[in-house]
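The block underneath contains the structure these notes are about, expressed in structure tokens.
The values are calculated or read from the model by the stated rules, or taken from the named source; none is laboratory data. Quantities reported herein were computed from a predicted structural model and do not represent experimental measurements. Quick reminder, even Gly has a Cβ in these numbers, built from the backbone with ideal geometry, and neighbours come from all protein chains shown.
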Amino acid sequence: MYEERTLHYKELLILKTIAETLNQNHDMKPMLQSTLEKLLELTGLKTGWIFLADDEPIYHHVADHNLPPALARNDKEPMRCEICFCLQLYWRDSLNQAVNIIECERLHNSVTQSLGDTNNLTHHATVPLTICGERFGLLNVGSPGKEHFSDEELALLEGVAYQIGTAVERTQLLEQKEKLAVDNIARYIVDYYNSTNEVTRHIWTINNLRELLLTVVLNIGTYFDWPTVAIAAHHGNRLTLRALYDSENARVLNEASPHAEEDYSDIIHQAFYKQSVCQSKDAPFSFAALQSSQNRFSIAIPLQKQEPLMRNEPLGVLLIGRESAIFSELEIKILTTLADHISLAMERIRLYDEWQDLLLSEERNRLALDLHDSVNQKLFSLSLTAQGIKELLKEENPLVVDGISDIQKLSQETLSEMRTLIWQLRPYSAEKGMLASLKEYASKIGIHVTLQMKDDVQFTEKVEKNLWRIGQEAINNVSKHARTNRAAIKIQSIEDQIQMSIIDHGCGFLLEQAETKLVTLGISSMNERAAQLNGSLKINSTEGKGTIVIVTVPRSREN
């Protein structure tokens, strides 16, 4: 699983780097040349070239890197003047996806006719450059001795080719604008692509989902000058309105849809559950935040997890509203491409968060192991040594024996706290579940816990992990301060919130003393974890009657 996540994260990083490279230059040949070189560097492939093709037999050799002498001879004449098998397939409409193991006709002719050294390059992968059904040319890559590309490699190359095709189309439009006196429609198209490019340029610098969604709606509304832009994300069996731009202001929301799954009440739900672009005119929305931002014409575009080799997984919906006119087919194509970039950025952030959690888990494991192997063992040895010395001196010097007894007691208490700390450092086990993990932890430190949770309580993985850590700290406080070995944990849903209560009937404390106990009770760390979930922490305690720790978080937020 870790290797798969690492591979997926690497693929997303390659796509991000290629997108950034394409956006650094608007001159066609330098842009394609730098992109090709960056692609070969990131994938470890050695050789590649790009053709832009018109109708048969017209094509243009626009970029190459590390060509063998057989193809570079006579100022690259074989690349400019010969028609090869892959171009013929392209012109016959027989090349619609990345193709594995194409034996290069140019290289074959060079070998049979002794026209130069091929450096053991015989095969290459061929990927058509296409976007929205429009074809622009071919991307060819290979390495000496490599005669096979895996499905994962081909899928990655298709993703890169899609980005190159988008950039080629955008650049061609920009070149037309510079060379021709374009009419209003052509100028409008160029502005559309420029705005799209500006939005995508911003989103690739963000590693936080809330910030990403806010940036997306703000930039789309600003660059396209549209009055309403919103993003709804899927959680559980409902859509949640997460970000909204209206009245020239952008804000983050957490408004859950009142409709359950399969309820196609408006175009947002239709676009999500049917996974298709939907438009409407003067139609109401189920989200209250959008009812005051009604526009005559609206479009909803599904956001999908980008999996080239698998069925795409729904992520949410991008909504745009305006007063002028229904969205044209060209606008839909461009906005669908923009939605793909947003989806990819959302998935990249999810993988980044998982990677960070994995690093944290590995560091916790390492620290727990170090504590167990070093400090824990030394404390145990100290306790045994103190016991031995006490036995040797018990008849000679009672005062020394009392001091040694104190050392032994202190080392045993410290050893007990060290073992508790080691258990706290252990990573959360999603397989066991939060309640089972809390009960196991409580048992290890000598606390009997009673658990209560209704079946309808559901929360995201991040919410579950943070509630686990808060509960763990609260149980630890019971063990250290409450003077009782029993506690209760209750989890329930209250309207649109989740509430977890940790209750003990121990010694309690005066609320006036709470401020002085913040550090001792670890309340600051529990407060921080609750704040990460946009929630709150409250402590009620009565001296002699016990303590209740209550944490409340939003029910359906995708943190």
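For the range 82-94, the count of residues that are under 14 Å from THR47 (Cα atoms) and in contact with a Ser or Thr (Cβ under 7 Å, 6 or more places away or on another chain) is zero. Has the range 432-444 got any residue that is modelled with pLDDT under 75 and either part of a strand (DSSP E or B) or under 30 Å from THR240 (Cα atoms) (or both)? Checked against the condition, which is being modelled with pLDDT under 75 and either part of a strand (DSSP E or B) or under 30 Å from THR240 (Cα atoms) (or both), the range 432-444 yields at least one hit. The set of residues in the range 511-545 being modelled with pLDDT of 75 or more and either among the hydrophobic types (A, V, I, L, M, F, W, C) or not assigned by TED's automatic domain parsing to the domain that holds GLU464 (or both) consists of ILE523, MET526, ALA530, ALA531, LEU533, LEU537, ILE539. Taking the criterion of being crowded, with 19+ Cβ neighbours inside 10 Å, modelled with pLDDT under 85 and not assigned by TED's automatic domain parsing to the domain that holds CYS132, would at least one residue in the range 327-334 satisfy it? Among the residues of the range 327-334, at least one is crowded, with 19+ Cβ neighbours inside 10 Å, modelled with pLDDT under 85 and not assigned by TED's automatic domain parsing to the domain that holds CYS132, which makes the answer yes. Answer yes or no as to whether GLY133 is at positive phi, assigned by TED's automatic domain parsing to the domain that holds LEU40 and either modelled with pLDDT of 85 or more or crowded, with 17+ Cβ neighbours inside 10 Å (or both). No, not satisfied. Would you be able to say whether some residue in the range 107-123 is in contact (Cβ under 8 Å) with a residue 60 or more places away in the chain, among the hydrophobic types (A, V, I, L, M, F, W, C) and touching a Gly at 6+ places or on another chain (Cβ under 8 Å)? Yes; the residues of the range 107-123 include at least one that is in contact (Cβ under 8 Å) with a residue 60 or more places away in the chain, among the hydrophobic types (A, V, I, L, M, F, W, C) and touching a Gly at 6+ places or on another chain (Cβ under 8 Å).
Looking at the range 483-507, which of its residues are modelled with pLDDT of 85 or more and assigned to a loop (DSSP other than H, G, I, E, B)? Residues satisfying the conditions are ARG483, THR484, ASN485, HIS505, GLY506, CYS507.
Quick one: would you say SER276 is surrounded by fewer than 20 Cβ atoms within 10 Å (Cβ to Cβ) and at pLDDT 90 or above?
Here the answer is yes, as SER276 does meet what is asked.
In this structure, VAL160 does not qualify as closer than 26 Å to ILE268 by Cβ, buried (at least 23 other Cβ atoms within 10 Å of the Cβ) and either touching a helix residue (DSSP H, G or I) at 6+ places or on another chain (Cβ under 8 Å) or at pLDDT 85 or above (or both). Reported count of residues in the range 468-482, each being among the aliphatic types (A, V, I, L, M), within 12 Å of ILE447 (Cβ to Cβ) and assigned to a helix (DSSP H, G or I), is 3.
Being surrounded by fewer than 18 Cβ atoms within 10 Å (Cβ to Cβ) and among the polar types (S, T, N, Q): is that true of THR126 here? Taking the combined requirement at face value, the residue does not satisfy it.
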